[in-house]
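Here the structure comes first, spelled out in structure tokens, and everything after it is commentary.
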């Protein structure tokens with residue numbers, strides 16, 4: 001293997017794929033990045049066996065070859081080189097990679113490329129395509145609600161349910177549910193996948209705010225899904241199991257509805273949350289009733305806080321308590337101007353919907369209080 005690439009291109013590729021490098025594996029090769037000449041450039045690949053990432057770096061090839069070298073060390077070395085510098089890479093005997101850039105020369109000991117796990121690539125016809133901007137927004141509004149502990153592995157994933165030309169994403173833990181429906185560019189037979197939320201967080205990092213499509217390929221064995229963008233592939237394993245029927249938990253009606261400015265409510269919740277964080281992190285919402293609009297309060301040993309938010313309220317006045325973090329999460333991740341809050345008293349879930357008509361719903365379970 002002998003080729004030349006530009007430092008900034010190599011640095012960007014390593015930055016992207018290094019997020020898939022394993023840090024705790026007993027297999028030393030999983031701490032490495034695979035470098036292979038392919039398609040008139042350098043193909044970088046890393047995996048932790050849950051996700052795999054591939055990035056193509058344009059370059060000038062003199063001789064083909066492949067090698068794996070420590071990902072973190074290579075990344076630090078390349079980042080330390082001067083920008084706009086040409087980097088020459090050459091595979092030498094005994095699995096050694098020689099890097100030359102300007103007056104700098106480094107040799108890295110590697111591991112044979114044959115020991116690196118095989119990672120699927122986007123050679124198959126896409127199952128469907130999705131506009132990058134649309135998917136990026138949908139992931140921002142749902143994936144944060146997935147569980148982070150492994151007590152129920154299925155809840156650490158996001159349900160992706162395809163129905164014709166529509167995709168519904170749903171994420172839930174024991175305290176909240178986020179559901180978003182978006183269009184896909186190619187109709188798909190009805191099918192459901194559960195994708196690890198960690199994989200989707202990494203996908204969000206490489207999606208651009210553009211209408212250009214992303215290709216989605218479901219493996220024939222239905223145990224992996226591949227996302228393909230120009231020059232980048234992300235492969236993720238799927239979570240096996242039955243995702244809970246979240247639709248049973250979605251309230252079908254309400255006795256109280258308030259329409260509020262998202263930024264104003266977020267500000268009030270954050271201020272109350274500063275007081276609430278010293279105890280059980282509970283904030284209370286008084287919607288309608290004697291007070292106009294929505295009143296957000298928190299009481300703890302360190303003090304108390306009260307904030308008033310203008311709102312148009314329909315139906316009965318009611319009070320309900322929530323964990324402040326769950327309210328903040330939905331209000332800061334869903335970038336709309338106004339939300340409607342639908343309630344059925346203090347012990348029923350609260351439902352948050354954008355007023356702009358987008359197909360999104362977020363349910364937050366209430367907290368029982370003594371008052």
The chain: most fluctuating residue of 54, 191, 181 per GNM, C-alpha cutoff 10 Å = 191
Two pseudo-spin positions, 7 Å from Cα along C-beta at residue 190 and at residue 165, lie apart in nanometres by 1.9 nm
Two-site FRET efficiency, residue 221 against residue 267, from Cβ-Cβ distance with R₀ of 51 Å, rounded to 0.05 | 0.55
Highest-MSF residue in the chain out of 11, 147, 291 [GNM, Cα springs under 10 Å] | 291
Burial ordering of 2, 109, fewest other beta-carbon atoms within 10 Å first | 109, 2
Backbone N under 11 Å from the residue 325 label point (7 Å along Cα→Cβ), restricted to segment 136-172 = 148-149
Quick one: Cα convex hull volume of the chain, Å³ per residue?
-> 169 Å³
Among 352, 144, rank each residue by its count of other Cβ atoms within 10 Å, from fewest to most, as a rough exposure measure.
-> 144, 352
Would you kindly state how much longer the chain becomes between residue 208 and residue 115 on full extension, computed as 0.36 nm times their sequence separation minus their alpha carbon distance, in nm to one decimal?
-> 30.2 nm
Residue order, fewest to most beta carbons within 10 Å, for 50, 264 = 50, 264
Could you tell me which of rounded, prolate or oblate describes segment 166-264, using a ≥ b ≥ c as the square roots of the eigenvalues of the alpha-carbon gyration tensor, with rounded for a/c under 1.5 and, failing that, prolate when a/b is larger than b/c and oblate otherwise?
-> prolate
Return the FRET efficiency for the residue pair residue 25, residue 64: r is the Cβ-Cβ distance, R0 is 22 Å, and the value is rounded to the nearest 0.05.
-> 0.20
Residue-averaged [θ]222 nm for the chain, counting only DSSP H segments that reach four residues, each worth -39500 (n - 2.57) = -5500 deg cm²/dmol
In nanometres, what is the gap between the two model label sites at residue 292 and residue 76, each 7 Å from Cα along Cα-to-Cβ?
-> 6.2 nm
For residue 93 and residue 181, calculate 0.36 nm times their separation in residues minus their Cα-Cα distance, and state this gained length in nm to one decimal.
-> 26.3 nm
Compute the FRET efficiency between residue 308 and residue 247 as 1/(1 + (r/R0)^6), taking r as their Cβ-Cβ distance and R0 = 30 Å, and round to the nearest 0.05.
-> 0.30
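Bear in mind these aren't lab numbers, they're just calculated from the coordinates by the rules spelled out. Because the structure is predicted, anything quoted here is derived from the model rather than measured. Using ideal geometry, Cβ is built from the backbone for each residue, glycine included, and neighbour counts are taken over all protein chains shown.
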